[in-house]
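A.B. asks: This is the structure I have questions about; it appears just below.
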Amino acid sequence: MKAREIKPNVYWVGAVDWNLRNFHGYSTDKGSSYNAYLIIDEKITLVDTVKYHLVDEMIERIKSVIDPAKIDYVISNHVEMDHSGGLPAIMKLLSSKSTTLFTSVNGEKGLKNHYHSNSTNNCSNWNFKKVVAGDSISLGKYTVKFIPTPMVHWPDSMISYIPELKLLLPNDAFGQHIASASLYEDEVGWDIVKMEAAKYYANIVLPYGKNVQSVLKSVSEQNLAIDMIAPSHGVILRTNTSIEKMIHLYQKWSSYTADDNKAVIVYDTMWGSTEKMAHAIKSFFEEKMVATKMISLSHTHISDAMTDIMEAKYVLIGSPTLNNTIMPTVGALLTYMKGLRPTKKIGFAFGSFGWSGQSVKHIEEALRELEFEMPVAATASAAASIKYIPTNDDLENLKRSLHSLVR
Ligand code: FEO
């Protein structure tokens, strides 16, 4: 277990979670990493830690550079346990000296709410030092400037910035769930990184667009020179092109700017009728020259569907009526969307039924709650709900009913 130097005297000492496949409900097909950074200066500083089960790996990496007991400062940019889980073990190692733990005001509260009762993890003897916007500390040659980023994506979240190195340590922001032997975006490839950053944004950061915008504004107003972004998950960005592209994507996603030419049809089906409707809707969009993606929730995880929902202007959701309501897969998606709050979309609900036919109403209500524009009210259109098995005429009718959807 070796540390890896990413800038002069700054080392990656994190851990790769190769087997992670579920991150609180988000499917992480490529695993992830928890990136912690060790700065060797007059004040030896550890920025963030790793998930608790990988703490020994982090400590081994630190040991490859220095005796961990020599750490003077610890910075906790974020309380969530994928970054603070290793803190109790580290603070225990440092308990004989007065190591200072820098964190935001909400960071201190959050850490105290996490590490209180268990005697091994008890934080009562940690030497907290709260930092606020504009605060900085000198490590010797290097300075760490703190930029609180509340609700990007927790109240305690914070960015650390080292001006002498043009190095941004933004914790969760700009992250991607990728487990890789390579540390850098240019070794993994921009297309993969972009795809995983989009999925990460859609599933973690999406509800906090306004907060992201204010962080981007603050970073821009402070004129921070940045030539490396080292997030707490996934790979590090070290080329100007990738840094510019990622910031541009965050501008786009946080302003809820959709791709005008993109539609996504997300559905589940019992006996293939709702799927036939989905195919008819796809052919309608193709005739309008709108790129359209079909997502069957029997085959695709809701967290993958979220990425396309975030990016598309048109979001069409279908379910047959099952037991007077919708299929559980579609229910799970709508619940997930309610929390993640994609917005500025044009929506449409559709589905087949046998005798009662409530599914379209349920879906439409959920999309209206999200304030989607619904130029074609499915509940008022016989074409959106089809009994048993659609005929060709039914499907043509459905396509005709969609004309006012595309602008
Ligand atoms: Fe990567 Fe909010 O934790």
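The values are calculated or read from the model by the stated rules, or taken from the named source; none is laboratory data. Please read these numbers as outputs of a predicted model, since none were measured by experiment. Glycine also receives a Cβ, built like all others from the backbone with ideal geometry; neighbour counts cover every protein chain displayed. Areas reflect the complete protein model, heavy atoms only, side chains present, ligands, DNA and RNA absent. Shrake-Rupley method; radii C 1.70, N 1.55, O 1.52, S 1.80 Å.
The rows are residues; the columns are (1) in contact with a helix residue (DSSP H, G or I) (Cβ under 9 Å, 6 or more places away or on another chain); (2) more than 27 Å from GLY209 (Cα to Cα).
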{"site": "ALA278", "(1), (2)": "no, yes"}
{"site": "SER283", "(1), (2)": "yes, yes"}
{"site": "ALA291", "(1), (2)": "yes, no"}
{"site": "ASN323", "(1), (2)": "no, yes"}
{"site": "MET327", "(1), (2)": "yes, yes"}
{"site": "GLY354", "(1), (2)": "no, yes"}
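A.B. asks: Under 6 Å by Cβ, and 6 or more places apart or on different chains, what pairs join a residue from the range 388-407 that is in the same structural domain as TRP355 (by TED's automatic domain parsing) with one that is open to solvent by 70 Å² or more (accessible area, probe 1.4 Å)?
C.D. replies: From the range 388-407, the pairs are PRO390/LYS276.
A.B. asks: Mind checking which residues of the range 14-45 are in contact with an Asp or Glu (Cβ under 9 Å, 6 or more places away or on another chain), away from the ligand (no atom under 16 Å from the Cβ) and open to solvent by less than 10 Å² (accessible area, probe 1.4 Å)?
C.D. replies: THR45
A.B. asks: Between a first residue in the range 177-193 that is under 19 Å from ALA3 (Cα atoms) and a second residue that is among the aromatic types (Phe, Trp, Tyr), which pairs have beta carbons less than 7 Å apart while being 6 or more apart in sequence or on different chains?
C.D. replies: Within 7 Å, the pairs are ALA179/TRP18; LEU183/TRP12.
A.B. asks: Do any helices (runs of 4 or more DSSP H) lying entirely in the range 53-107 carry at least 3 residues that are over 21 Å from HIS177 (Cβ atoms), and which ones are they?
C.D. replies: Numbers: elements: 55-63, 81-84, 87-93.
Result: 55-63, 87-93.
A.B. asks: Suppose the filter is open to solvent by 10 Å² or more (accessible area, probe 1.4 Å), assigned by TED's automatic domain parsing to the domain that holds CYS123 and under 27 Å from MET306 (Cβ atoms); does GLU80 pass it? Explain how you work it out, then say what you get.
C.D. replies: Working: open to solvent by 10 Å² or more (accessible area, probe 1.4 Å): yes; assigned by TED's automatic domain parsing to the domain that holds CYS123: yes; under 27 Å from MET306 (Cβ atoms): yes.
So GLU80 fits the description; yes.
A.B. asks: Do we have LYS97 as under 27 Å from the mean Cα position of the chain (by Cα), open to solvent by 40 Å² or more (accessible area, probe 1.4 Å) and either more than 15 Å from the ligand (Cβ to nearest atom) or assigned by TED's automatic domain parsing to the domain that holds TRP126 (or both) here?
C.D. replies: Details: under 27 Å from the mean Cα position of the chain (by Cα): no; open to solvent by 40 Å² or more (accessible area, probe 1.4 Å): yes; either more than 15 Å from the ligand (Cβ to nearest atom) or assigned by TED's automatic domain parsing to the domain that holds TRP126 (or both): yes.
No.
A.B. asks: Is one or more of the residues making up the range 357-373 touching a residue at least 60 places away in the same chain (Cβ under 8 Å) and of a type in the set (S, T, N, Q)?
C.D. replies: Narrowing the range 357-373 to residues touching a residue at least 60 places away in the same chain (Cβ under 8 Å): none.
No; the residues of the range 357-373 include none that is touching a residue at least 60 places away in the same chain (Cβ under 8 Å) and of a type in the set (S, T, N, Q).
A.B. asks: Another question, then. What pairs can you find where one residue is in the range 16-36 and on the phi > 0 side of the Ramachandran plot, the other is open to solvent by 80 Å² or more (accessible area, probe 1.4 Å) and of a type in the set (Phe, Trp, Tyr), and their Cβ atoms are less than 6 Å apart, with a gap of 6+ or different chains?
C.D. replies: Once the first residue is on the phi > 0 side of the Ramachandran plot and sits in the range 16-36, its partners that are open to solvent by 80 Å² or more (accessible area, probe 1.4 Å) and of a type in the set (Phe, Trp, Tyr) give GLY31/TRP18.
For (1) at positive phi; (2) out of contact with any helix residue (DSSP H, G or I) (no Cβ under 9 Å at 6 or more places or on another chain), each residue gets a yes or a no:
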residue: SER117; (1), (2): no, yes
residue: THR120; (1), (2): no, no
residue: SER124; (1), (2): no, no
residue: ILE137; (1), (2): no, yes
residue: LYS145; (1), (2): no, no
residue: PRO148; (1), (2): no, no
residue: MET158; (1), (2): no, no
residue: PHE174; (1), (2): yes, no
residue: SER182; (1), (2): no, no
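So that you can scan it fast, the table gives a plain yes or no per residue for (1) assigned to a helix (DSSP H, G or I); (2) within 16 Å of the ligand (Cβ to nearest atom); (3) crowded, with 16+ Cβ neighbours inside 10 Å:
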residue: ILE159; (1), (2), (3): no, yes, yes
residue: PHE174; (1), (2), (3): no, yes, yes
residue: ILE178; (1), (2), (3): no, yes, yes
residue: SER182; (1), (2), (3): no, no, no
residue: GLU187; (1), (2), (3): yes, no, no
residue: VAL193; (1), (2), (3): yes, no, yes
residue: TYR200; (1), (2), (3): yes, yes, yes
residue: PRO207; (1), (2), (3): yes, yes, no
residue: ASN211; (1), (2), (3): yes, yes, yes
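A.B. asks: Got a sec? Which of ASN106, ASN113, ASN127, ASN121 is assigned by TED's automatic domain parsing to the domain that holds LEU168 and open to solvent by 70 Å² or more (accessible area, probe 1.4 Å)?
C.D. replies: Numbers: ASN106 fails: open to solvent by 70 Å² or more (accessible area, probe 1.4 Å); ASN127 fails: open to solvent by 70 Å² or more (accessible area, probe 1.4 Å); ASN121 fails: open to solvent by 70 Å² or more (accessible area, probe 1.4 Å).
Result of the check over ASN106, ASN113, ASN127, ASN121: ASN113.
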